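The structure is given below, and queries will be raised subsequently.
The values are calculated or read from the model by the stated rules, or taken from the named source; none is laboratory data. It should be emphasised that the depicted structure is a prediction, and the values quoted were computed from it without experimental measurement. We place every Cβ from the backbone using ideal geometry, glycine too, and count neighbours over all the protein chains shown.
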Amino acid sequence: MVTPAQIRIKEAHSKEWEEYKQRILEIEEIFDPKLREEPETIKAFFDDPQAIVLVAEIGTNVVGCLYAAPIESNLFLRGLGPTKEYKTFSDFLKRDSNFGKCNTMYESSLAVLSRYEGRGIGTALDRELARVAKDDGYKFITAHNAPDASLHIAEKLGWKKVEECKNWFGTGEDYCYMRLEL
Ligand SMILES: CC(C)(COP(=O)(O)OP(=O)(O)OC[C@H]1O[C@@H](n2cnc3c(N)ncnc32)[C@H](O)[C@@H]1OP(=O)(O)O)[C@@H](O)C(=O)NCCC(=O)NCCS
């Protein structure tokens, strides 16, 4: 049994990419291939000083991770897409009324190894994202959540629904665009 005290959340930076790469890519396998980030995209989050990368560790094990970047970032260019309406995922984020104000951090990915789920690690990662983003001067964080544990965590931490996204970016699933005021 892992107690919350044994979970350590830390920010990861460019120089740590090689150290974390393999374990992060293993966690990324949780995602459907459609939603999985390419290694070079994840590395770009590590390399971008405006992005926030958090890892959850238990001892020397990496058991969860989170990547976020300002909504204006081009880090999402190689993510989902294209659809009929949007050429890139970044075009999709331009729908946010705060786009261009440089005040919003977008949580692109949150994942915890399945054998460690349900122990508060996802919640701890989201809480730390709010703390770091606020510290960096951001006013909001946003994310797209499927109606599952990630949406439950967001609602529990006070995120509010901005809009429902039917067949989110062509995935066939309905997501909610959620925002937390910091
Ligand atoms: C989403 C995810 C990161 C959550 O991590 P976690 O460490 O299990 O999260 P926590 O233990 O902090 O909290 C999970 C909460 O969701 C609840 N939950 C679990 N499954 C749920 C579901 N299908 N629907 C709603 N709530 C659910 C749990 O009961 C728990 O609630 P509580 O805190 O009120 O007790 C993890 O499940 C995951 O990696 N999923 C696959 C990837 C993914 O979908 N990521 C999100 C989109 S980017």
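Can you name the number of the only condition in (1) near the ligand (Cβ under 8 Å from one of its atoms); (2) small (Gly, Ala, Ser); (3) in contact (Cβ under 8 Å) with a residue 60 or more places away in the chain that GLY122 fails?
(3)
Still on this structure, I have one more. For segment 81-118, give me each residue that is near the ligand (Cβ under 8 Å from one of its atoms) and either within 22 Å of ILE52 (Cβ to Cβ) or among the acidic types (Asp, Glu) (or both).
GLU107, SER108, SER109, LEU110, ALA111, VAL112, LEU113, TYR116, GLU117
Same structure again: Suppose we keep only residues that are among the small types (Gly, Ala, Ser) and within 13 Å of the chain's Cα centre (by Cα) within segment 125-151. Which one would you say is nearest to the ligand (Cβ to nearest atom)?
Filtering segment 125-151 for residues that are among the small types (Gly, Ala, Ser) and within 13 Å of the chain's Cα centre (by Cα), the one nearest to the ligand (Cβ to nearest atom) comes out as SER150.
Out of the residues in segment 102-161 meeting the condition of being part of a strand (DSSP E or B) and among the β-branched types (Val, Ile, Thr), tell me which one is surrounded by the fewest Cβ atoms within 10 Å (Cβ to Cβ).
Out of the qualifying residues, it is THR142.
Can you give me the number of residues within segment 21-55 that are within 27 Å of PHE140 (Cβ to Cβ), out of contact with any helix residue (DSSP H, G or I) (no Cβ under 7 Å at 6 or more places or on another chain) and more than 14 Å from the ligand (Cβ to nearest atom)?
Summing the residues that are within 27 Å of PHE140 (Cβ to Cβ), out of contact with any helix residue (DSSP H, G or I) (no Cβ under 7 Å at 6 or more places or on another chain) and more than 14 Å from the ligand (Cβ to nearest atom) in segment 21-55 gives 2.
If PHE169 satisfies every condition in (1) farther than 17 Å from PHE31 by Cβ; (2) part of a helix (DSSP H, G or I); (3) away from the ligand (no atom under 12 Å from the Cβ) but one, which is the exception?
Only one criterion is unmet by PHE169, namely (1).
For segment 73-99, which residues satisfy the criterion of being farther than 12 Å from THR142 by Cβ and either at pLDDT 95 or above or among the polar types (S, T, N, Q) (or both)?
Residues satisfying the conditions are SER73, ASN74, THR83, THR88, SER90.
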